[in-house]
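These notes are about the structure you will find just below.
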Amino acid sequence: MSMTRYAGGFSTAKSTMPFGNYTHPDPTDQHLYENDFNAYVAGDWTITVVGTSTPALVAGDGGILGITTSASSGDSAFLQKTIGSFTFETGKPAWFAARFKVSTLATTAVIGLQVIDTTPLDVTDGIYFLSTTATGAVTGIVRKNATTGSSSAAVGTLVADTYTELAWYWDGKDTVSFFQDKVGKGSISGVAAGFLPDTTCTVSFGVQTDSANARTMSVDYIIAAKSRR
Amino acid sequence: MLINISDADKSGKRTLTVTDGDTKLYSGPVDNTAAGQKLANVGLKHGWDSDEFKAATKPSAKK
């Protein structure tokens, strides 16, 4: 396959704008958070643990953060980036993708953008993915104030000890689309004011063991972005 | 920040401990995991030195 080269660069900005002659797309187009977990600083996170757990980098290709619960049923470990920095608005699309795996399906895993809260499995606001223990079925959830609006869609299935990428896209109008491994799996549409989170959210993920065994969530990467345009 | 709810002791009680780096922000018993999560949410929302959190940690507030 041949490669198309733009030796002079390419831009998303008008020539009269500050980044108009920058040789890459305007870096201010989006608020972007991305973490490939080549590094991990615990102090960057609000970590809620039931039992004991010390999230840490683990050896493996791609940069991996390992989160292992302790071994009582219901023990859990959740990480939320300190502090909240994503809000949702009409007119401003947003994106999220994460690649991860869980050691077995006797777990409940959550990943996405959520309000900072000690109960990420049942949080009041966010756009996120929640797995079902035993089956690994994944649900995409869009939730505002828990009771004001909470919509969900079946997204796919986790396979034990197998990496998968879950992603969502808010189109800035009325629809959140969900993907697993680059394939569209479902969507939620409606009046934005009725279901779009209205609280500042943050990157959030974690795992709860649903049996008396330690369980591990391994996270390869997380990307979250929101248009500034 | 680490919000830790310990495993239950022999009496079923758990301990909520909140630390920020080397600084301990709070440590005290809670009746169960849900109570610890609820109490910690008050601290997250209002601050660990707030009147709201202090009120929530009073014994009468746990009833």
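Where a number appears in this text, it was derived from the coordinates with a stated rule and is not lab data. Remember, predicted model here, so these are calculated numbers, not experimental data. Cβ coordinates were reconstructed from backbone atoms using ideal geometry, including for glycine residues, and neighbour counts include every protein chain displayed.
Just a few scattered comments:
- Sorting A:Trp95, A:Trp45, A:Trp168 from the fewest to the most surrounding beta carbons within 10 angstrom yields A:Trp95, A:Trp45, A:Trp168.
- Model label points for A:Thr200 and A:Ala214, set 7 angstrom from Cα along the Cα-to-Cβ axis, are 3.6 nm apart.
- 18 Å Cα-Cα threshold exceeded, pairs from B:Lys13/B:Lys38; A:Lys144/A:Lys173; A:Lys226/B:Lys45: A:Lys226/B:Lys45
- Segment A:Ser72-A:Ser2, length gained on full extension (0.36 nm per residue, minus Cα span): 19.8 nm
- Residue exposure sequence - A:Val58, A:Val50 - by fewest surrounding Cβ within 10 Å: A:Val58, A:Val50
- Taking all Cα-Cα distances within segment B:5-60, those exceeding 12 Å account for 64%.
- Seen from all directions on average, segment A:91-139 presents a Cα convex hull projection of 4.2 nm².
- The mean number of Cβ atoms from other chains found within 10 Å of a Cβ in peptide A:43-49 is 5, as a whole number.
- What the pair-distance distribution of segment A:1-108 shows, using all Cα-Cα distances binned every 5 Å from zero, is 2, 9, 13, 14, 15, 14, 11, 9, 6, 4, 3, 1, 0 percent.
- Distance between the pseudo-spin-label points of A:Thr90 and A:Thr52 (7 Å out from Cα toward the beta carbon): 5.2 nm.
- Kirkwood Rh in Å, taken over all unlike Cα pairs in segment A:95-170: 12.6 Å
- Rounded to the nearest whole Hz, the Karplus-based 3J(HN,Hα) values (6.51 cos²θ - 1.76 cosθ + 1.60, θ = phi - 60°) of segment A:203-210 follow the sequence 4, 9, 6, x, 9, 10, 7, 10, with x at glycine and proline.
- With R₀ set to 51 Å, the beta-carbon distance separating A:Ala193 from B:Lys10 gives a calculated FRET efficiency near 0.50.
- Convex hull per residue volume in Å³, alpha carbons only, for segment A:136-183: 87 Å³
- For peptide B:17-27, the mean count of partner chain Cβ atoms within 10 Å of a residue's Cβ comes to 1.
- For the protein assembly as shown, the Cβ-based charge dipole about the Cα centre amounts to some 400 debye (Lys, Arg positive; Asp, Glu negative; other atoms uncharged).
- Residue exposure proxy: B:Met1, A:Met17, ordered by other Cβ atoms within 10 angstrom of their Cβ from fewest to most, comes out as A:Met17, B:Met1.
- Comparing Cα centroids, segment A:122-190 and segment A:1-77 end up 20 angstrom apart.
- For chain B, size of Cβ-based charge dipole, Lys and Arg +1, Asp and Glu -1, in debye: 320 debye
- Normalising by residue count, chain A has a Cα convex hull of 143 Å³ per residue.
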